[in-house]
Amino acid sequence: MTLESVQRTAAAVGALGLLLLATPTYAQTASTSAKEPTAMPRATGEDVSVRPFRFTAPQAALDDLRRRIKATQWPERETVSDATQGVQLATMQKLAAYWATDYDWRKIEARMNALPQFMTTIDGLDIHFIHVRSKHANALPVIITHGWPGSVTEQLKIIGPLTDPPAHGGKAEDAFDVVIPSMPGYGFSGKPTTTGWDPAHIARAWVVLMKRLGYKRYVAQGGDWGAVVTEQMGLLAPPELLAIHVNMPGIFPADIDGAAFSGAPAPSGLSADEKLAYERLQFVYQKGIGYGYQMGLRPQTLYGIADSPVGLAAYFLDHDARSYALIARVFDGQSEGLSRDDILDNITLTWLTNTAISGARLYWEYWGKGYFNSKGVSIPVAVSVFPDELYPAPRSWTERAFPKLIYYNKLPKGGHFAAWEQPTFLTQDLWAAFRPLRQKSEVGSK
């Protein structure tokens, strides 16, 4: 297999991003936020106003969801004692039983509607976003991008600590204004009706969004697809973008990425950290990207996933081995960094907005363009490394991928869904990573 074909195929890999619940402090902070400005129309005639947004699910839709869950036609149990054949029957039946009886969508709906949410149109597509302004002076604006199969609920737990650090053990001078958009085709944002909404296009749209909100200096953050979009913003390098932070960085040299995909043994001469990252990436390519191939090649075929709540939930859970193991423990009643409601909030949002297939098309848009590889970002970059990420990025390859690496930190716990599972660690890293860039005369809203 040629390196070109390897890179084409590797781009099918995707990553999960479920959801986070908002804390009471977070909701209180949001309720005091100022209204958004209304931007001037562009020459194209596009409506560039920023419009308040709320969502209330029809009760009939929630009743229908429960009916469909209860009517699931279950297959027999897997023929192995582990998860090597996929999401296990026992886990899904526990999830379905809770979803159909005790789960309450109205809780997350109320928390979302307590936040300042907005809609604006960019390049003909409605873009939904949460925008929470800090009460603290000289707050640094940050735009945070979720992943798949995620939504803006993926980052809710970090909004309070970022906008009001003193209430969460931090310092006022580390405060952020937080912007969290829904990617095109996800959640409440519009569904593209034409091709072309790839990560580079999304990155350009986020630059437009931040300008529309009046920000002259800001930073960007993301994991999963959010990391890809954020790195694309770094490649664009608009003058307003001071730096980026990613918790799933694209760091693999092209030859290493290709070798891992091919199944070749680890090249000689790798350090211990590099060898571990290589072996973990190789495992992802060989055992963990079935959904990436399907969505990268044939996303429209997923009619059954879009029409079955349990089918959708199973597809979302089957992302990577470490994340699935954690989620299975949650439905076994163990205490983790997330809850059953955390998981089901995101799945339910996708169900209610019917965005399973429109979200899947992002993989088709990006097919063949590289996911985990170094992309040539030259602006300042900060990186957090969580031990149960798809691969722990070695400092050596991270420094090579990002010549202006300003922060690198290995965390003691956490996986692919950093903001959702370990919000305290991620928040503290964002405080520390961007602290040197703050200039009181430069950052802030206007």
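Leu236 passes every criterion in (1) in contact (Cβ under 8 Å) with a residue 60 or more places away in the chain; (2) open to solvent by 20 Å² or more (accessible area, probe 1.4 Å) apart from (1).
Looking at this structure, is Asp63 outside any helix (DSSP H, G or I) and either surrounded by 15 or more Cβ atoms within 10 Å (Cβ to Cβ) or not hydroxyl-bearing (Ser, Thr, Tyr) (or both)? Answer is no for this residue. Of note, Ser339 satisfies the criterion of being small (Gly, Ala, Ser) and farther than 28 Å from Leu297 by Cα.
All of Trp420, Trp364 fail the test of being in contact (Cβ under 8 Å) with a residue 24 or more places away in the chain and open to solvent by 10 Å² or more (accessible area, probe 1.4 Å), apart from Trp364. Filtering region 367-394 to residues that are open to solvent by less than 10 Å² (accessible area, probe 1.4 Å) and either charged (D, E, K, R) or in a helix (DSSP H, G or I) (or both) leaves only Glu389. Within region 253-271, is there a residue that is among the polar types (S, T, N, Q), under 26 Å from Glu154 (Cα atoms) and either surrounded by fewer than 23 Cβ atoms within 10 Å (Cβ to Cβ) or at pLDDT 95 or above (or both)? No, region 253-271 contains no residue that is among the polar types (S, T, N, Q), under 26 Å from Glu154 (Cα atoms) and either surrounded by fewer than 23 Cβ atoms within 10 Å (Cβ to Cβ) or at pLDDT 95 or above (or both).
Scanning region 92-120 for residues being under 30 Å from Val208 (Cβ atoms), of a type outside the set (A, V, I, L, M) and open to solvent by 30 Å² or more (accessible area, probe 1.4 Å) gives a total of 1. Restricting attention to region 66-90, the residues that are open to solvent by 90 Å² or more (accessible area, probe 1.4 Å) and within 27 Å of the chain's Cα centre (by Cα) total 2. Among residues of region 173-215 being part of a strand (DSSP E or B) and not β-branched (Val, Ile, Thr), the one that is surrounded by the fewest Cβ atoms within 10 Å (Cβ to Cβ) is Asp177. Taking each residue of region 89-114 that is touching a residue at least 40 places away in the same chain (Cβ under 8 Å) and looking for partners that are part of a helix (DSSP H, G or I) and open to solvent by 60 Å² or more (accessible area, probe 1.4 Å) with beta-carbon atoms closer than 6 Å, six or more apart or interchain, yields Tyr98/Arg340.
The values are calculated or read from the model by the stated rules, or taken from the named source; none is laboratory data. Worth saying up front: this structure is predicted, and the values here are computed from it rather than measured. Using ideal geometry, Cβ is built from the backbone for each residue, glycine included, and neighbour counts are taken over all protein chains shown. Ligands, DNA and RNA are excluded from the accessible area calculation, which covers all protein heavy atoms including side chains. Shrake-Rupley method; radii C 1.70, N 1.55, O 1.52, S 1.80 Å.
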